[in-house]
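A.B. asks: Pasting a structure here, questions to come.
The values are calculated or read from the model by the stated rules, or taken from the named source; none is laboratory data. Since this is a predicted model, take the numbers as computed values, not measurements. Note: ideal-geometry Cβ built from the backbone for every residue, glycine included; neighbour counts use all protein chains shown. Heavy atoms of the whole protein, side chains included, go into the accessibility calculation; ligands, DNA and RNA do not. Shrake-Rupley method; radii C 1.70, N 1.55, O 1.52, S 1.80 Å.
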Amino acid sequence: MKGYKIYLIIGSILILLYLVAQYNKPTPTNWAPTYAIKDKIPYGTYILYHRIKDILPNATIQQSKSAIYNTLKAKKFNKTAYLIVAQKAEISKTDLDQLIKYMQNDNDVFIATYDLGKVEKNLKLQAVSTMSAEGSTLNFTNPNLKTDANYGFDRGIGSQYYNKLDTNKATILGVNGNGKPNFIRYSYGQGNLYLIAEPGFYTNFNLLDKYGAEYAAKTLSYLQGNTQVIFDEYFSRQENTATDMLRVFFKHPELKYAYYLSIFSLIIFVFYDIKRRQRIIPIADPLTNSSLAFVNVVGSVYYNERNNLDLALKKSTTLWNTCGAGITLKPMILTANLPSY
(Lines give C-alpha, C1' and ligand atoms only; values in the text may rest on other atoms or scores of the structure.)
Protein backbone atom coordinates (compact mmCIF):
# COMPACT_ATOMS: atom_id res chain seq x y z
CA MET A 1 0.00 0.00 0.00
CA LYS A 2 2.92 2.36 0.70
CA GLY A 3 3.99 2.08 -2.93
CA TYR A 4 0.59 3.36 -4.09
CA LYS A 5 0.64 6.53 -1.98
CA ILE A 6 2.93 8.38 -4.38
CA TYR A 7 0.58 7.70 -7.31
CA LEU A 8 -2.49 8.74 -5.32
CA ILE A 9 -0.83 11.98 -4.21
CA ILE A 10 0.34 12.86 -7.73
CA GLY A 11 -3.11 12.05 -9.19
CA SER A 12 -4.88 14.14 -6.54
CA ILE A 13 -2.58 17.12 -7.18
CA LEU A 14 -3.17 16.93 -10.95
CA ILE A 15 -6.95 16.78 -10.51
CA LEU A 16 -6.86 19.71 -8.06
CA LEU A 17 -4.77 21.81 -10.47
CA TYR A 18 -7.16 20.99 -13.30
CA LEU A 19 -10.21 22.02 -11.26
CA VAL A 20 -8.55 25.30 -10.25
CA ALA A 21 -7.68 26.06 -13.89
CA GLN A 22 -11.21 25.25 -15.05
CA TYR A 23 -12.75 27.36 -12.31
CA ASN A 24 -10.64 30.42 -13.17
CA LYS A 25 -11.05 30.26 -16.95
CA PRO A 26 -13.54 32.65 -18.61
CA THR A 27 -17.12 31.44 -18.64
CA PRO A 28 -18.12 30.42 -22.19
CA THR A 29 -21.22 31.91 -23.75
CA ASN A 30 -24.32 29.82 -23.16
CA TRP A 31 -26.18 29.51 -26.45
CA ALA A 32 -28.93 27.29 -25.05
CA PRO A 33 -32.34 28.33 -26.45
CA THR A 34 -34.25 28.75 -23.20
CA TYR A 35 -36.51 31.68 -24.21
CA ALA A 36 -36.97 32.37 -20.49
CA ILE A 37 -37.60 35.92 -19.30
CA LYS A 38 -35.12 35.54 -16.43
CA ASP A 39 -32.22 34.55 -18.72
CA LYS A 40 -29.80 37.20 -20.00
CA ILE A 41 -28.05 34.70 -22.24
CA PRO A 42 -28.28 35.19 -26.05
CA TYR A 43 -31.39 33.04 -26.44
CA GLY A 44 -33.25 34.28 -23.38
CA THR A 45 -36.08 36.85 -23.50
CA TYR A 46 -35.00 39.14 -20.68
CA ILE A 47 -34.88 42.22 -22.92
CA LEU A 48 -38.26 41.47 -24.50
CA TYR A 49 -39.99 41.19 -21.14
CA HIS A 50 -38.48 44.37 -19.72
CA ARG A 51 -38.81 46.49 -22.89
CA ILE A 52 -42.13 45.37 -24.33
CA LYS A 53 -43.75 48.47 -22.83
CA ASP A 54 -41.77 50.48 -25.40
CA ILE A 55 -44.12 48.96 -27.99
CA LEU A 56 -47.23 48.74 -25.80
CA PRO A 57 -46.82 51.67 -23.39
CA ASN A 58 -50.37 51.55 -22.06
CA ALA A 59 -50.39 47.80 -21.34
CA THR A 60 -49.73 46.08 -18.04
CA ILE A 61 -47.56 42.96 -18.02
CA GLN A 62 -48.63 39.74 -16.30
CA GLN A 63 -46.66 36.51 -16.09
CA SER A 64 -48.30 33.11 -16.44
CA LYS A 65 -46.59 29.90 -15.38
CA SER A 66 -49.68 27.72 -15.73
CA ALA A 67 -51.16 25.97 -18.73
CA ILE A 68 -53.35 28.00 -21.06
CA TYR A 69 -56.57 26.40 -19.85
CA ASN A 70 -55.76 27.06 -16.18
CA THR A 71 -54.81 30.66 -16.95
CA LEU A 72 -57.88 31.60 -18.97
CA LYS A 73 -60.70 29.46 -17.59
CA ALA A 74 -63.51 31.15 -15.61
CA LYS A 75 -61.92 34.57 -16.20
CA LYS A 76 -63.11 37.47 -18.29
CA PHE A 77 -60.51 39.23 -20.40
CA ASN A 78 -60.96 42.11 -22.78
CA LYS A 79 -58.35 43.88 -24.88
CA THR A 80 -55.67 41.48 -23.69
CA ALA A 81 -52.81 39.88 -25.61
CA TYR A 82 -51.54 36.40 -24.79
CA LEU A 83 -47.85 36.19 -25.80
CA ILE A 84 -46.02 32.85 -26.22
CA VAL A 85 -42.32 32.67 -27.20
CA ALA A 86 -40.96 29.13 -26.96
CA GLN A 87 -39.05 26.54 -28.92
CA LYS A 88 -42.09 24.27 -28.89
CA ALA A 89 -45.68 25.08 -27.92
CA GLU A 90 -47.55 21.79 -27.63
CA ILE A 91 -51.05 23.24 -27.37
CA SER A 92 -53.70 20.64 -26.60
CA LYS A 93 -57.21 20.65 -28.02
CA THR A 94 -58.57 21.82 -24.66
CA ASP A 95 -56.13 24.73 -24.62
CA LEU A 96 -56.98 25.59 -28.24
CA ASP A 97 -60.70 25.67 -27.50
CA GLN A 98 -60.04 27.97 -24.55
CA LEU A 99 -57.88 30.23 -26.74
CA ILE A 100 -60.63 30.47 -29.37
CA LYS A 101 -63.15 31.58 -26.71
CA TYR A 102 -60.56 34.02 -25.43
CA MET A 103 -60.01 35.54 -28.90
CA GLN A 104 -63.72 35.78 -29.66
CA ASN A 105 -64.03 38.18 -26.70
CA ASP A 106 -61.82 40.82 -28.41
CA ASN A 107 -58.44 39.42 -27.30
CA ASP A 108 -55.31 38.56 -29.30
CA VAL A 109 -52.92 35.61 -29.17
CA PHE A 110 -49.35 35.94 -30.43
CA ILE A 111 -47.30 32.72 -30.75
CA ALA A 112 -43.67 32.56 -31.89
CA THR A 113 -42.44 28.97 -32.04
CA TYR A 114 -40.90 26.36 -34.29
CA ASP A 115 -43.42 23.66 -33.47
CA LEU A 116 -47.13 24.02 -32.69
CA GLY A 117 -47.71 20.29 -32.30
CA LYS A 118 -51.23 19.12 -33.12
CA VAL A 119 -52.46 22.67 -33.69
CA GLU A 120 -50.74 22.69 -37.09
CA LYS A 121 -53.07 19.92 -38.24
CA ASN A 122 -56.14 21.78 -36.99
CA LEU A 123 -55.06 24.97 -38.77
CA LYS A 124 -53.98 23.05 -41.90
CA LEU A 125 -50.46 24.47 -41.97
CA GLN A 126 -46.95 23.06 -41.88
CA ALA A 127 -43.73 24.74 -40.74
CA VAL A 128 -40.43 23.85 -42.41
CA SER A 129 -36.91 25.22 -42.36
CA THR A 130 -34.42 26.14 -45.05
CA MET A 131 -30.73 26.94 -44.72
CA SER A 132 -30.51 28.91 -47.97
CA ALA A 133 -29.46 32.56 -48.02
CA GLU A 134 -32.93 33.60 -49.18
CA GLY A 135 -34.46 31.90 -46.17
CA SER A 136 -32.90 34.39 -43.73
CA THR A 137 -34.04 37.58 -45.55
CA LEU A 138 -37.52 38.74 -44.57
CA ASN A 139 -39.99 41.53 -45.14
CA PHE A 140 -43.61 42.50 -44.53
CA THR A 141 -46.59 42.52 -46.88
CA ASN A 142 -48.15 45.57 -45.23
CA PRO A 143 -47.00 48.66 -47.20
CA ASN A 144 -46.79 50.66 -43.96
CA LEU A 145 -44.28 48.19 -42.52
CA LYS A 146 -42.47 46.99 -45.63
CA THR A 147 -38.93 48.29 -46.27
CA ASP A 148 -37.02 48.69 -49.51
CA ALA A 149 -34.28 46.30 -48.36
CA ASN A 150 -35.09 42.96 -46.75
CA TYR A 151 -34.17 42.24 -43.16
CA GLY A 152 -31.25 39.86 -42.70
CA PHE A 153 -30.47 37.77 -39.64
CA ASP A 154 -27.48 35.80 -38.32
CA ARG A 155 -27.15 32.29 -36.86
CA GLY A 156 -30.02 30.88 -38.93
CA ILE A 157 -32.68 33.14 -37.40
CA GLY A 158 -35.53 33.57 -39.88
CA SER A 159 -34.97 30.33 -41.81
CA GLN A 160 -38.33 28.88 -40.75
CA TYR A 161 -41.46 29.41 -42.83
CA TYR A 162 -44.89 27.87 -43.46
CA ASN A 163 -44.91 25.49 -46.40
CA LYS A 164 -48.62 24.59 -46.36
CA LEU A 165 -51.23 27.19 -45.58
CA ASP A 166 -55.00 27.57 -45.88
CA THR A 167 -55.14 30.97 -47.58
CA ASN A 168 -58.91 31.08 -47.21
CA LYS A 169 -58.57 31.47 -43.46
CA ALA A 170 -55.06 32.86 -42.99
CA THR A 171 -53.76 36.33 -43.87
CA ILE A 172 -50.07 36.56 -44.80
CA LEU A 173 -48.33 39.38 -42.94
CA GLY A 174 -44.68 38.55 -43.65
CA VAL A 175 -42.64 36.58 -46.20
CA ASN A 176 -39.04 35.49 -46.74
CA GLY A 177 -36.81 36.14 -49.74
CA ASN A 178 -38.57 33.41 -51.73
CA GLY A 179 -42.03 34.76 -51.00
CA LYS A 180 -42.82 32.00 -48.51
CA PRO A 181 -44.98 33.13 -45.56
CA ASN A 182 -43.41 33.23 -42.11
CA PHE A 183 -45.85 35.58 -40.34
CA ILE A 184 -49.61 34.95 -40.60
CA ARG A 185 -52.89 35.87 -38.90
CA TYR A 186 -56.16 34.05 -38.23
CA SER A 187 -59.31 35.91 -37.20
CA TYR A 188 -61.63 34.56 -34.49
CA GLY A 189 -64.60 36.82 -33.81
CA GLN A 190 -63.27 40.17 -32.57
CA GLY A 191 -59.79 38.80 -31.85
CA ASN A 192 -56.85 37.47 -33.83
CA LEU A 193 -54.29 34.67 -33.71
CA TYR A 194 -50.83 35.75 -34.84
CA LEU A 195 -48.32 33.02 -35.71
CA ILE A 196 -44.68 33.59 -36.54
CA ALA A 197 -42.42 30.68 -37.38
CA GLU A 198 -39.32 31.95 -35.56
CA PRO A 199 -39.01 32.58 -31.78
CA GLY A 200 -35.43 33.77 -32.29
CA PHE A 201 -36.70 37.21 -33.35
CA TYR A 202 -37.48 38.00 -29.70
CA THR A 203 -34.30 36.76 -28.04
CA ASN A 204 -31.68 38.97 -26.43
CA PHE A 205 -29.23 38.22 -29.23
CA ASN A 206 -31.56 39.52 -31.93
CA LEU A 207 -32.96 42.48 -30.00
CA LEU A 208 -29.47 43.87 -29.41
CA ASP A 209 -29.16 44.32 -33.16
CA LYS A 210 -30.68 47.52 -34.55
CA TYR A 211 -32.53 45.91 -37.44
CA GLY A 212 -33.43 42.82 -35.45
CA ALA A 213 -35.11 44.97 -32.79
CA GLU A 214 -36.90 46.93 -35.51
CA TYR A 215 -38.29 43.79 -37.15
CA ALA A 216 -39.47 42.36 -33.79
CA ALA A 217 -41.11 45.67 -32.87
CA LYS A 218 -43.02 45.80 -36.15
CA THR A 219 -44.38 42.27 -35.65
CA LEU A 220 -45.50 43.08 -32.10
CA SER A 221 -47.06 46.36 -33.24
CA TYR A 222 -50.11 44.33 -34.28
CA LEU A 223 -50.86 43.98 -30.56
CA GLN A 224 -51.22 47.72 -30.04
CA GLY A 225 -54.57 48.67 -28.57
CA ASN A 226 -54.45 45.97 -25.89
CA THR A 227 -54.35 47.12 -22.29
CA GLN A 228 -52.78 43.96 -20.85
CA VAL A 229 -50.17 41.44 -21.98
CA ILE A 230 -50.07 37.92 -20.52
CA PHE A 231 -46.48 36.75 -20.93
CA ASP A 232 -46.48 32.95 -21.02
CA GLU A 233 -43.72 31.11 -19.14
CA TYR A 234 -45.33 27.68 -19.18
CA PHE A 235 -43.89 26.51 -22.50
CA SER A 236 -40.50 28.19 -22.05
CA ARG A 237 -40.08 26.51 -18.64
CA GLN A 238 -40.70 23.01 -19.97
CA GLU A 239 -37.41 21.12 -19.85
CA ASN A 240 -36.38 17.48 -20.02
CA THR A 241 -34.80 17.37 -16.58
CA ALA A 242 -32.51 14.43 -15.96
CA THR A 243 -33.05 12.29 -12.88
CA ASP A 244 -29.61 10.73 -12.99
CA MET A 245 -27.46 11.17 -9.89
CA LEU A 246 -24.61 12.52 -12.04
CA ARG A 247 -26.73 15.26 -13.62
CA VAL A 248 -24.98 17.89 -11.45
CA PHE A 249 -21.61 16.86 -12.87
CA PHE A 250 -22.79 16.90 -16.46
CA LYS A 251 -24.61 20.22 -15.99
CA HIS A 252 -21.32 22.04 -15.32
CA PRO A 253 -18.51 21.55 -17.92
CA GLU A 254 -15.76 21.82 -15.29
CA LEU A 255 -17.17 19.02 -13.16
CA LYS A 256 -17.97 16.92 -16.23
CA TYR A 257 -14.37 17.03 -17.52
CA ALA A 258 -13.01 16.44 -14.01
CA TYR A 259 -15.24 13.36 -13.77
CA TYR A 260 -13.95 12.03 -17.09
CA LEU A 261 -10.36 12.73 -16.04
CA SER A 262 -10.83 10.82 -12.78
CA ILE A 263 -12.32 7.81 -14.56
CA PHE A 264 -9.53 7.83 -17.16
CA SER A 265 -6.83 8.07 -14.46
CA LEU A 266 -8.42 5.24 -12.50
CA ILE A 267 -8.47 3.00 -15.58
CA ILE A 268 -4.77 3.70 -16.25
CA PHE A 269 -3.91 2.96 -12.62
CA VAL A 270 -5.79 -0.35 -12.68
CA PHE A 271 -4.08 -1.55 -15.86
CA TYR A 272 -0.67 -0.48 -14.54
CA ASP A 273 -1.29 -2.27 -11.24
CA ILE A 274 -2.37 -5.47 -13.01
CA LYS A 275 0.81 -5.45 -15.06
CA ARG A 276 3.08 -5.18 -11.98
CA ARG A 277 1.28 -7.66 -9.74
CA GLN A 278 2.67 -11.27 -9.63
CA ARG A 279 0.60 -14.26 -10.43
CA ILE A 280 -1.14 -15.94 -7.53
CA ILE A 281 1.01 -18.74 -6.03
CA PRO A 282 -1.05 -21.81 -5.18
CA ILE A 283 -1.05 -22.90 -1.53
CA ALA A 284 1.10 -26.06 -0.98
CA ASP A 285 0.02 -28.61 1.60
CA PRO A 286 2.49 -28.91 4.54
CA LEU A 287 4.74 -32.01 4.66
CA THR A 288 3.48 -34.78 6.94
CA ASN A 289 5.57 -37.10 9.14
CA SER A 290 5.04 -40.62 7.75
CA SER A 291 7.38 -42.39 10.17
CA LEU A 292 4.59 -43.41 12.50
CA ALA A 293 2.55 -44.75 9.62
CA PHE A 294 5.59 -46.73 8.42
CA VAL A 295 6.06 -48.28 11.87
CA ASN A 296 2.41 -49.25 12.00
CA VAL A 297 2.67 -50.94 8.60
CA VAL A 298 5.82 -52.88 9.55
CA GLY A 299 4.33 -53.89 12.89
CA SER A 300 1.20 -55.13 11.15
CA VAL A 301 3.31 -57.26 8.78
CA TYR A 302 5.20 -59.02 11.66
CA TYR A 303 2.02 -59.43 13.64
CA ASN A 304 0.28 -61.14 10.75
CA GLU A 305 3.26 -63.49 10.01
CA ARG A 306 3.61 -64.63 13.69
CA ASN A 307 7.44 -64.99 13.31
CA ASN A 308 8.48 -64.33 16.92
CA LEU A 309 12.05 -65.59 16.50
CA ASP A 310 12.84 -63.18 13.69
CA LEU A 311 11.30 -60.34 15.66
CA ALA A 312 13.44 -61.13 18.73
CA LEU A 313 16.64 -61.23 16.64
CA LYS A 314 15.89 -57.83 15.12
CA LYS A 315 15.19 -56.39 18.55
CA SER A 316 18.50 -57.68 19.92
CA THR A 317 20.37 -56.30 16.92
CA THR A 318 18.73 -52.93 17.40
CA LEU A 319 19.63 -52.94 21.08
CA TRP A 320 23.24 -53.82 20.28
CA ASN A 321 23.56 -50.98 17.76
CA THR A 322 22.04 -48.55 20.21
CA CYS A 323 24.19 -49.36 23.23
CA GLY A 324 27.45 -49.69 21.31
CA ALA A 325 29.92 -52.47 20.75
CA GLY A 326 32.00 -51.56 23.86
CA ILE A 327 29.29 -52.66 26.29
CA THR A 328 29.11 -56.26 27.28
CA LEU A 329 25.65 -57.68 27.07
CA LYS A 330 24.39 -60.68 28.75
CA PRO A 331 23.57 -63.19 26.10
CA MET A 332 19.92 -63.71 25.61
CA ILE A 333 18.69 -67.25 25.91
CA LEU A 334 16.24 -67.89 23.17
CA THR A 335 13.97 -70.72 23.74
CA ALA A 336 11.12 -72.06 21.84
CA ASN A 337 8.77 -71.28 24.65
CA LEU A 338 8.55 -67.53 23.93
CA PRO A 339 5.27 -65.94 24.84
CA SER A 340 3.02 -65.52 21.91
CA TYR A 341 1.18 -62.29 21.00
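A.B. asks: What does the charge add up to near Ser64, with Lys and Arg as +1, Asp and Glu as -1, over the other residues with Cβ less than 10 Å from its Cβ? Display every interim value, and only then the final one.
C.D. replies: On the way: positive: Lys65; negative: Asp232, Glu233.
Around Ser64, the surrounding residues sum to -1.
A.B. asks: If you don't mind, another one. Can you give the accessible area of Arg237 in Å² (nearest 10), computed on protein heavy atoms with a 1.4 Å probe?
C.D. replies: 130 Å²
A.B. asks: Additional query: So for the stretch 1-72, what are the equivalent ellipsoid semi-axes in whole Å, largest first, each being the square root of 5 times an eigenvalue of the Cα gyration tensor? Each step should come with its number before you reach the end.
C.D. replies: Details: eigenvalues 517, 55, 12 Å².
Equivalent ellipsoid semi-axes, largest first: 51, 17, 8 Å.
A.B. asks: Hey, another quick one. Expressed as cubic angstrom per residue, what is the convex hull volume of the alpha carbon set of the stretch 63-111?
C.D. replies: On the way: hull volume 3.7 nm³, N = 49.
Looking at the stretch 63-111, the number lands at 75 Å³ per residue.
A.B. asks: Report the local net charge at Gln190: Lys and Arg +1, Asp and Glu -1, summed over other residues whose C-beta lies under 13 Å from its C-beta.
C.D. replies: Details: positive: Lys79, Lys101; negative: Asp106, Asp108.
It works out to a net charge of 0.
A.B. asks: Continuing with the same structure: Per residue and in cubic angstrom, what volume does the convex hull of the Cα atoms of the stretch 42-176 have? Numbers along the way, then the final one.
C.D. replies: Working: hull volume 19.7 nm³, N = 135.
So the per-residue Cα hull volume is 146 Å³.
A.B. asks: Could you state the number of Å between the C-alpha centres of the stretch 99-115 and the stretch 41-87?
C.D. replies: Here the answer is 11 Å between Cα centres.
A.B. asks: Size of the dipole of the stretch 69-226 about the Cα centre, Lys and Arg at +1 and Asp and Glu at -1 on the beta carbon, nothing else charged, in debye to 20?
C.D. replies: On the way: 18 positive and 14 negative charges, 110 e Å.
Value, rounded to 20: 520 debye.
A.B. asks: I want the local charge near Ile84. Using Cβ-Cβ distances under 14 Å, sum +1 for each Lys or Arg and -1 for each Asp or Glu among the other residues. Working shown, then result.
C.D. replies: Details: positive: Lys65, Lys88, Arg237; negative: Glu90, Asp95, Asp108, Asp115, Glu198, Asp232, Glu233.
That works out to -4.
A.B. asks: On to the next question. Kindly rank 21-27, 207-213 from highest to lowest mean number of other beta carbons found within 10 Å of each residue.
C.D. replies: Working: 21-27: 8.9, 207-213: 15.4.
Going by the mean number of other Cβ atoms within 10 Å, highest first, we get 207-213, 21-27.
A.B. asks: Cut-off under 13 Å on the C-alpha distance; same-chain residues fewer than 8 positions from Lys218 excluded. Which aspartates and glutamates are left, in chain and number order?
C.D. replies: Asp54
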